Amino acid sequence: MMAIDIIEQVKLLKRGAVEIYREDELAQRLTEAAKAARPLRAKLGMDPTAPDIHLGHTVVLRKLRQFQDLGHKAVLIIGDYTALIGDPTGQNSTRPMLTIEQIKANAQTYFEQAGKILDTSPDRLEVRYNSEWLEKLSLMELIQLAAKKTVAQMLQRDSFKLRLEKNVDVYTHEFLYPLMQGYDSLAISSDVELGGTDQTFNNLVGRDVQRAYGQPAQIVITMPILVGLDGVQKMSKSKGNYIGITDAPSDMFGKTMSIPDTLMENYFTLLTDLPADRIAELTDPAKTHPKKAKVLLGKMIVEQFYDNAAAEAAAAEFEKVFAQNQLPDDMPEVQIAAEPVMVSKLLVQCGLVETGGEAKRMVKQGGVRIDDEKIDDPNRLIKPADGMVVQVGKRKFAKLKIS
């Protein structure tokens, strides 16, 4: 294990965390592990409800990597079984159940993308699917598990209380989700469970389940929810305010440059390893110009998922396009027929938007240009020509080639 004393380990693991349940237990468990030369088992559960991971997901993954770097073992639980139920966390309605095929496909990409952050060597990472134990539970065993928590305790969950106050149904099967997540901790003998603050209830149920079955209760470390690019709502693909870890370097850098200055301290703390005094210096306008700090942040984020050369190239491209108002060098070339086409359809054909509705919104917001002419009518007919440049927003470009 890494030669860092227990006080320093706790200090490192506290960085960026919202709460530790409990800090004295964490120090004790770290001490016991060091004396026994036994690595702790640090658990993170992820339900594969969507195929892609964004920077919001990496906040907890980075904390899990810290445990690995300290010599402990990360246990990544792919919730292929619990995803069939659907986590009610933060939901104003019952979450729709996924098919087994969707779950399998999403689980594969989750693992591949998590591997960009975690140490995937067998002695540092254990990957488990919770169908391994949950689908084997008999009805009697499930009833015994359900008997570990009261209905009153379950109704303490914020999302349940909110729905009941609004006369929105809460279904019985939704009570089972936190119990089954807690059973995951029992099944893999978790020492520590990590999660966002929205998972606090589920993670603490894991402590209760372990105690009820005679196992030492896991320590729970909750991490903040990363705010999205809009500076208001949590980062989410559905809200369009996210940076995906599979985004191209130029998109990753450009999106980072668009965040409000007020988010920089939060992003530096949760998405980089810079020490607190350096972050304080970078986020103090009297000491560092905000653009300079943001450029550094953008480079550091790109470098985590690509390399230094990609980070430098993305920064140079951004400077060329946005500061000098030049066209990017690497515009995708789109083959298209020469017949006149409506702007909204052209944007979809170029792959710059996903739907005609999105195209119309972008035009109305003033975010569409063709050969640097601002377009204000989504139904306008355009006659494509070789070399014509179509632009959506500040970062999406396409060059037309007549087929």
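With Cα atoms defining each centre, the stretch 96-151 and the stretch 1-73 are spaced 19 Å apart in the structure. About its Cα centre, the dipole of the chain is roughly 580 debye, where the only charges are +1 on Lys and Arg Cβ and -1 on Asp and Glu Cβ. Close amide-amide hydrogen proximity is noted between M223 and V18, G195, G196, T197, each under 5 Å apart and 5 or more residues distant or on a separate chain (H modeled in the peptide plane; Pro and chain starts excluded). In the chain, the longest principal axis of the Cα atoms and the axis of helix 290-305 are about 70 degrees apart. Exposed loop sites here mean GluC sites (Glu not before Pro) with a DSSP loop assignment and at most 13 other beta-carbon atoms within 10 Å; the chain contains its longest site-free run at 136-353. Considering only Q199, V170, Y213, and ranking their Cα positions along the charge dipole of the stretch 162-216 that arises from unit charges at the beta-carbon of Lys, Arg, Asp and Glu, the one farthest toward the positive end is Y213. Along the axis of the charge dipole computed for the chain (Cβ charges of +1 for Lys and Arg, -1 for Asp and Glu, origin at the Cα centre), the listed residues I301, C350, Q28 are led at the positive end by Q28. Between the C-alpha center of the stretch 250-309 and that of the stretch 161-201 there is a gap of 34 Å. Selection among T272, T246, P378 by position relative to the dipole of the chain gives P378 as farthest towards the positive end (Cβ unit charges, Cα centre).
Every number here is computed from the coordinates shown, using simple stated rules; none is lab data. Remember, predicted model here, so these are calculated numbers, not experimental data. Here Cβ is always computed from backbone atoms with ideal geometry, including for glycine, and neighbour counts include all displayed protein chains.
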